[in-house]
Amino acid sequence: MTVIAEYGQWFVLLACLFGFFMAWGVGANDVANAMGTSVGSRALTVKQAIIIAMVFEFAGAYLAGGEVTGTIRKGIIDANVMAGSPELLIYGMMSSLLAAAIWLVIASMMGWPVSTTHTIVGAIVGFAAVGIGVEYVQWGKVTSIVMSWVVSPVLAGTLAFFIFRSVHKLILNTDDPFGNAKRFVPGYMFLTAFMITMVTFTKGLKHVGVGLSFGESVLISVAVSFAVMLLGIALLKRVKIDEEADRHFRFASVEKVFAILMIFTACAMAFAHGSNDVANAVGPLAAIINVVANQGNILAESAMPAWVLLLGGGGIVVGLATFGYKVMGTIGRKITELTPSRGFAAELAAATTVVLASGTGLPISTTHTLVGAVLGVGMARGISALNLRVVGTIFASWIVTLPAGAFLAIIFFFMFKGIFG
Amino acid sequence: MAADSPLMALFGRSPVKPMQEHMQKAHACVVRLIDFYDVAATGDYQAAEAIRQDIAKLEGEADRMKKDIRMHLPNSLFMPVPRSDLLELLTHQDKLANRAKDIAGVMLGREMTIPNPIQPLMREYLESSINTSQKAADALAELDELFETGFSSREIKLVSGLLNDLDDQEHRADELEIRVRRALRAVEKDYPPIDVMFLYRVIELIGDLADVAQRVGSRLQILLAR
């Protein structure tokens, strides 16, 4: 107890620093994966993508990031049994942040594909199981998180498959693809907006202090989505048939309609990413603040201060502003085979999956979900060449990332324990 | 700190545009044959040599494109069409360029004179064969639309129509071949036998060219059938 009274402010300051650094890393690196599909398909320029990402990542983090943050904060470790020695939780969460940050820097420099989510979860489970005791880990919750890593790409792939089949049936395989694109694309816009607002209103807003009943949520979601759709229709009005481009490739004008749709799905993607990934950075921070603020009493039910989410969102924005431009440009240049009619299907499927996971409090990997979604479009004969070796790389990154995060966290945990007693 | 994102590694290079470019190159080779023939028919084999070199150059370029496409189609790629079918199609496209080079080569090597009585018919025959290649190129120009629509039934119908045109054109070339042979047979006694033998050989090669073009079409048909 005395440790916390003595060093409490320092712990919070350090944790804020580490958490901000993690959020910066997410903004600099991970966001580019979420938005790279839009840049690659030329639906957005890098600059536009950065601006959209800044606004919607922040909104997603603040408005819908609460559930996942809660899971990281108190879902993996059984906080009640730790009431006797709260300082261990502080050491552990600090080591997790440090371990994840260092591992991500190393992996990035080596060019290894890693996931922020997997690193932080591995780190927390690692310090808790080895440093404190295997029985303090809520294995049921951990199992469901690990399961969600398998389920999320599969779910996104399935959704993407059916979304692209519907595009095929309603638009591409018709006599007038351009006319039908203009007719049906607003429907997809409505769907995108509805899915995002619905999860936000039912699951997210209670962390910012707004409580709505389910009926109210549905009503407001429909109203907001309708407004979004009207905006979309207004934008679509400006898309005209480009006969010059169509002579070369008959679907050039149709793709232009989808490019407008992709602006909307890109917003959804950024929002979804913010709602899930910011938790990796601020979840441990929230746990530390909670312990210090309550003078060592670990209260599982206590509310999380909203400024923690703001800090995470801010970190992402700074990361985007400093490094995001370069990384997004790199990824965008590599992903040129994804046309807007495919890119939107992948983004809509991935964003839906990620937002649903955010609503349920499951920390998942946005990148892996997006890979699953793209494969789903490929299964629907939508993409001319996909490299299936990536699936193996993803498995490898799970196997490497979890122990690495855990190992580093354990080392730092005993280090902090040694320093502060 | 740009890690190699799995998303970046996910996308292979699409073979669609390179396949179409290769077909255009191969067809460009074939089209030059008519210029070659017109010059050769006047007996000016110095000018014909220049055109043959042009054809050989185009053929070399097509060959390099073919190799490049193969290099970028590892068997770990997942595509909407079987990789082997795509490679077959590519092989046949490339044969078009080879045939064009062969025809120019034989004619130049023999400094062949085309008997006056069959000259107009011969030209018509060659044109018809080149047209067959044109029809194959037309069908292949739809390859990007096929991939874009995810092989929609409408697009497949459209391409099937183009492939029917191709078959008709090949049939016309076939009929012309018979007429050319007959016409040559009527006058063959008036010319040196060895020259006539090689003339028959060129007629055969021109028929072969139309045949290869048709085979490009049938490979495309196999790609569609699923």
- Query: What does the average come to when, for each residue of peptide A:363-371, you count the partner chain Cβ atoms lying within 10 Å of its Cβ?
  - Reply: 2
- Extension length gain for residue B:167 and residue B:91 (0.36 nm per residue less Cα distance), in nm, is 25.4 nm
- Any lysines with Cα under 24 Å of the residue A:169 Cα? List them, leaving off those in the same chain fewer than 8 positions away. A:182, A:237, A:240, A:256, B:157
- Between the alpha-carbon centers of segment B:47-65 and segment A:335-404, tell me the distance in whole angstrom. 46
- Item | Reach of residue A:74 by Cα under 28 Å, taken over lysines that are not fewer than 8 positions away in the same chain | A:141, A:203, A:206, A:417
- Hey, for a label at residue B:195 modelled as a point 7 Å past Cα toward Cβ, could you say which residues of segment B:76-115 have their backbone N under 13 Å away? B:110-115
- Task: Compare the peptides B:144-157, B:15-28 by average per-residue count of other Cβ atoms within 10 angstrom and give them in order, highest first.
- Result: B:15-28, B:144-157
- Query: What does the average come to when, for each residue of peptide A:390-396, you count the partner chain Cβ atoms lying within 10 Å of its Cβ?
  - Reply: 3
- Among the listed pairs A:334/B:17; B:17/B:95; B:57/B:135, give every one whose C-alpha distance is greater than 21 Å. B:57/B:135
- Search the structure for amide H atoms under 5 Å from the amide H of residue B:11, placed 1.01 Å from N in the peptide plane, and list their residues when 5 or more places away or on another chain. A:387
- Query: Excluding same-chain residues fewer than 8 positions from residue A:47, which lysines have a Cα within less than 16 Å of its Cα?
  - Reply: A:326
- Note on the structure: Dipole check, chain A, charges on Cβ (K,R +1; D,E -1), about Cα centroid: among A:91, A:272, A:239 the Cα furthest to the positive pole belongs to A:239
- Could you work out the mean count of beta carbons from other protein chains within 10 Å of each residue's beta carbon in B:10-21? 5
- Item | Cβ-based charge dipole, segment A:15-104, positive-most Cα from A:48, A:16, A:35 | A:48
- FRET efficiency estimate (nearest 0.05) - Cβ-Cβ, residue A:325 to residue B:47, R0 56 angstrom: 0.45
- Message: About the Cα centre, and with charges only on the beta carbon of Lys, Arg (+1) and Asp, Glu (-1), how big is the dipole of chain A? Nearest 20 debye, please.
- Response: 920
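Rule-based calculations on the coordinates, nothing more; no lab input. All figures in this text were calculated on a predicted structure; none of them were measured in a lab. All Cβ positions, even for glycine, are placed from backbone atoms using ideal geometry, and neighbour counts span all protein chains on display.
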